[in-house]
Amino acid sequence: MEFVQMVSRTEFDLKALLGQRDWWVLALDQDQRIRAANDVGQAILGLDGKDLTGRRLDDIVKLGHLTALMAKGVSFRSQPASVSTGKLICHYVPEVADGALRGGVLAIDRRVRAHDDLSYIELHEIVRTLGPIMDLAYEGTIIVDEEGIIVLVNQAMADIFGVRTQDMIGRHILEAYPNSKLSRLPIVMKTGKAEVGWPHFLNGREIIACRYPLIRDGRAIGALGKVLIQDVHDRVRLAKGAPLQEPAPAGSPRVAKGGDFKYDINSIIGHSKVMRSLKETLLRVAERGSNVLLVGESGTVK
């Protein structure tokens, strides 16, 4: 059984998790201090689990970008962290109680992969490339590998689906949440074409979503999806000064309307990297009630 499935099944039962022999398991608090650890780490890095309690994780093992993901409560699967002998494979599931991040459980596979093994998605490359347009703390974000298996999901996305991150991570995107068979991430992978600013009906709400294929050496190795606006109808009602209404129950019939706008984000033609970034900036600005100053030379169609 996979580690992430084990966490979901045991509901963070530390006794059961620490008893596993295939992974070096570390239970962390919200400050990434080690609450408990099993002794498999001794076989991996020569560290005795009994001497780790109370120490900060980054004093024990350097996980680079993964440390920042854990601090934001992001759940991830099968992520490499380099050591002298190869790449350790890490899995992490955050623990959330009463809406607050309480820490989480990190597992490091005792099997070490070779440095030249590129058969998996490395999240740091994605975060580095899309960092300026990706906010993992607040925007719903999900990443799948080429098999459609979820390798990253944050709490904001899990909240939209009405499930928990540990119930999604490691599962196929078409089976991970209610009505997930409607996900377009497999289509984006197949076509290799991004979908920016698309309206999408999800869990009783009409959202605005962006989907990107993840390309390596000319082929899609996965896809990234994120939610920019969580309820289009709420935004429109607020802009008009109308009170918010309760969203329709999941599964209830509802016809999406175009609203009173003559143009929307899809009226802008262009799919280059710069244009995709511009569209996302427009969607971010549209959520806020502040004034916007457009500058540029005369004739640039401001």
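Worth a mention:
- Every residue from region 137-192 that is over 15 Å from K226 (Cα atoms), surrounded by 14 or more Cβ atoms within 10 Å (Cβ to Cβ) and of a type in the set (K, R): R164, R171
- Whether a residue is surrounded by 16 or more Cβ atoms within 10 Å (Cβ to Cβ) and aliphatic (A, V, I, L, M) was assessed, and L14 does not pass this test.
- Pairs, first within 12 Å of I142 (Cβ to Cβ) in region 204-219, second at pLDDT below 85, C-beta under 6 Å, six or more apart: A209/W198; A209/H200
- Filtering region 53-95 to residues that are over 25 Å from Q5 (Cα atoms) and either in contact with a Phe, Trp or Tyr (Cβ under 8 Å, 6 or more places away or on another chain) or among the acidic types (D, E) (or both) leaves D58, D59.
- Subset of region 154-193 that is among the small types (G, A, S), part of a helix (DSSP H, G or I) and under 15 Å from the mean Cα position of the chain (by Cα) - its residue that is farthest from V7 (Cα to Cα): A156
- Of the criteria (1) closer than 30 Å to D159 by Cα; (2) in contact (Cβ under 8 Å) with a residue 24 or more places away in the chain, which one S82 fails: (1)
- So K226, is it charged (D, E, K, R), farther than 30 Å from D98 by Cβ and either in contact with a Gly (Cβ under 8 Å, 6 or more places away or on another chain) or modelled with pLDDT under 90 (or both): no
- Counted as qualifying within region 1-111 are the strands (runs of 3 or more DSSP E) with 1 or more residues that are at positive phi, namely 75-83, 86-97.
- Scope region 54-71; condition within 10 Å of D31 (Cα to Cα) and polar (S, T, N, Q); matching residues: none
- Count of region 110-140 residues which are modelled with pLDDT of 75 or more and touching a Ser or Thr at 6+ places or on another chain (Cβ under 8 Å): 0
The values are calculated or read from the model by the stated rules, or taken from the named source; none is laboratory data. Since the model is a prediction, treat every value here as computed from it, not as a measurement. Virtual Cβ from ideal backbone geometry, glycine too; neighbours counted across all protein chains shown.
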